[in-house]
Amino acid sequence: MADKIFGTDGIRGKANAYPMTADMALRIGAAAGRYFRNDGSNGHRVVIGKDTRLSGYMFENALTAGLTSTGMNVLLLGPVPTPAVGLLTSSMRADMGIMISASHNPHHDNGIKFFGPDGFKLSDAAEEEITRLVFDGVEPAQANNIGRAKRIDDGRFRYAERLKAIFPAGMRLDGLKVVIDCANGAGYKVAPEVLWELGATVIPVGTAPNGYNINDGCGSTDTSAAAKAIISHGADVGICLDGDADRVMILDETGRVADGDQLMALMAHRWAQAGKLANGTLVATVMSNLGLERYLEAQGLRLERTNVGDRYVVEAMRKSGHNLGGEQSGHIVMTDYATTGDGLLAGLQFLAAMIETGQPASSLTHSFETVPQMLKNVRYAAGSDPLAAQAVQDCIAAAEVQLVGKGRLLIRKSGTEPLIRVMAECEDPDLLLQVVDGIVDEVTKAG
């Protein structure tokens with residue numbers, strides 16, 4: 001098998017360093033074009049969106065060159081949220097969609113996410129075949145079959161109209177003062193516009209991208225700026241998106257943060273009451289808090305866990321017919337309305353709950369008590385495999401014995417960076433610290 005270039009969510013890395021180089025993007029575009037235009041006919045098309053990173057221009061052009069060289073017609077959306085690409089891939093009858101983004105990572109990183117013709121992310125098998133074509137090379141189209149590129153100027157407006165159509169009919173946000181932090185990313189225009197059009201008083205944060213400030217001191221991974229804005233403006237709620245707007249954190253009127261687990265708990269409960277929660281099941285990853293699982297069980301609902309990555313959440317949802325899932329990190333997936341995580345859509349669902357219940361955000365952001373959870377990341381050298389070391393394995397085994405009946409342990413490699421993620425949950429904070437630090441020490445020695 002050729003080198004592995006796909007991680008848990010597409011291809012990602014530092015811009016202008018392998019595999020995120022212009023040359024590789026051209027080859028990836030050609031490979032993806034050949035994969036989806038495998039019948040040799042004309043009329044095939046791909047939509048491409050991007051976030052606000054400076055390197056997005058470079059990758060947009062390189063991907064376009066590769067795709068058109070195989071006969072694909074390219075529709076360029078410009079800066080739009082990732083869920084907009086999923087939506088427009090399907091609605092514009094494209095063969096595939098591409099989002100150029102490294103999500104919540106800093107500006108010097110970038111990535112390439114792929115969507116199939118149905119608007120859902122690609123399967124492992126499709127990614128493996130595209131990888132093979134990248135390294136084997138593809139035959140370009142004949143000169144008279146080269147594809148065209150066209151700029152689509154109203155992509156974000158189509159997405160905005162879809163969001164407003166999903167919002168409860170006749171409901172307005174009049175009287176709500178909302179801080180919206182767009183992380184200087186892909187949602188910097190559309191998110192404030194949608195909230196204002198629905199009647200909210202909008203306090204924008206992170207809406208002045210310059211190519212370098214995406215996710216910098218703002219957004220879902222750093223909610224401090226939004227919290228300050230909530231307090232200074234006396235806002236009712238804060239919605240914090242990440243760089244490509246596919247994840248969200250909700251802040252209450254005091255600036256306190258509610259993560260994806262709390263938002264999923266609220267939505268699962270409300271959907272179940274309304275008879276909308278398919279199969280009485282919420283799908284979440286192995287990272288979701290044990291407190292969420294206990295809360296759902298007390299409600300007579302079920303939690304189905306998957307590997308980390310919203311793609312795996314969606315795969316499980318589609319396989320079993322579930323319609324609500326997500327991640328603790330803020331990816332909330334509602335397959336009745338969207339094909340991938342959608343931070344703004346989830347934020348609007350929360351605002352609808354505030355309107356319908358008449359309760360403040362602080363009453364809706366704490367559905368369950370979390371079990372103390374600790375996550376530490378350990379960076380390791382390229383080429384090493386710390387988890388294969390006997391000392392590390394022995395330490396993990398001993399920790400699992402200590403946590404029996406008290407909590408749980410999760411050790412995994414990051415799909416996007418050379419990191420070992422050590423996560424544990426335990427009612428006893430002292431034991432929690434002891435277990436995590438012990439494993440981190442052993443992994444550090446082995447890495």
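The figures follow:
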item	result
Residues of segment 390-414 classified as in contact with a strand residue (DSSP E or B) (Cβ under 7 Å, 6 or more places away or on another chain), part of a helix (DSSP H, G or I) and in contact (Cβ under 8 Å) with a residue 24 or more places away in the chain, total	2
The listed residue being open to solvent by 10 Å² or more (accessible area, probe 1.4 Å), of a type in the set (A, V, I, L, M, F, W, C) and assigned to a strand (DSSP E or B), out of Leu387, Leu375	Leu375
Conditions (1) buried (at least 22 other Cβ atoms within 10 Å of the Cβ); (2) part of a helix (DSSP H, G or I); (3) more than 19 Å from the chain's Cα centre (by Cα); number of the one not met by Val46	(2)
The listed residue being of a type in the set (S, T, N, Q), touching a His at 6+ places or on another chain (Cβ under 7 Å) and surrounded by fewer than 23 Cβ atoms within 10 Å (Cβ to Cβ), out of Asn61, Asn73	Asn73
Contacts under 8 angstrom Cβ, first residue in segment 56-74 being touching a residue at least 12 places away in the same chain (Cβ under 8 Å), partner surrounded by fewer than 21 Cβ atoms within 10 Å (Cβ to Cβ) and of a type in the set (Val, Ile, Thr), 6 or more apart	Thr68/Ile146; Ser69/Ile146; Thr70/Val138; Gly71/Ile146
Only one of Gly291, Gly255 that is within 30 Å of Ser232 (Cβ to Cβ) and open to solvent by less than 40 Å² (accessible area, probe 1.4 Å)	Gly255
Criterion: over 23 Å from Thr64 (Cβ atoms), touching a strand residue (DSSP E or B) at 6+ places or on another chain (Cβ under 7 Å) and surrounded by 21 or more Cβ atoms within 10 Å (Cβ to Cβ) - qualifying residue of Gly206, Gly155	Gly206
Strands (runs of 3 or more DSSP E) enclosed by segment 248-349 - at least 1 residues per element that are more than 20 Å from His104 (Cα to Cα) and in contact with a His (Cβ under 9 Å, 6 or more places away or on another chain)	281-285, 302-306
Any hit, segment 220-233, residues being outside any helix (DSSP H, G or I), free of Cβ contacts under 8 Å to residues at least 60 places away in the same chain, more than 18 Å from Leu351 (Cβ to Cβ) and open to solvent by 50 Å² or more (accessible area, probe 1.4 Å)	yes
Residue tally, condition farther than 23 Å from Leu195 by Cβ and touching an Asp or Glu at 6+ places or on another chain (Cβ under 7 Å), over segment 323-352	3
Residues (at pLDDT 95 or above and in contact with a Pro (Cβ under 7 Å, 6 or more places away or on another chain)) located in segment 427-442	Leu432
Scope segment 22-43; condition open to solvent by less than 30 Å² (accessible area, probe 1.4 Å) and at pLDDT 95 or above; matching residues	Met24, Ala25, Ile28, Gly29, Ala30, Ala31, Ala32, Gly33
Residue within segment 212-223 that is over 15 Å from Ile180 (Cβ atoms) and in contact with a helix residue (DSSP H, G or I) (Cβ under 7 Å, 6 or more places away or on another chain) present	yes
Filter result (of a type in the set (Val, Ile, Thr), touching a residue at least 12 places away in the same chain (Cβ under 8 Å) and assigned to a helix (DSSP H, G or I)) within segment 350-372	Ile355
Cross-chain or 6+ apart pairs with Cβ under 9 Å, segment 277-301 first and at positive phi, then assigned to a helix (DSSP H, G or I) and open to solvent by 10 Å² or more (accessible area, probe 1.4 Å)	Asn279/Ser320; Gly280/Ala272; Gly300/Ala272; Gly300/Gly280
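The values are calculated or read from the model by the stated rules, or taken from the named source; none is laboratory data. All of these numbers come straight from a predicted model, not from anything done at the bench. Don't worry about glycine lacking a Cβ; one is built from the backbone with ideal geometry, like all the others, and counts go over all protein chains shown. Just so you know, the surface numbers come from the protein's heavy atoms only, side chains and all, with ligands and any DNA or RNA stripped out. Shrake-Rupley method; radii C 1.70, N 1.55, O 1.52, S 1.80 Å.
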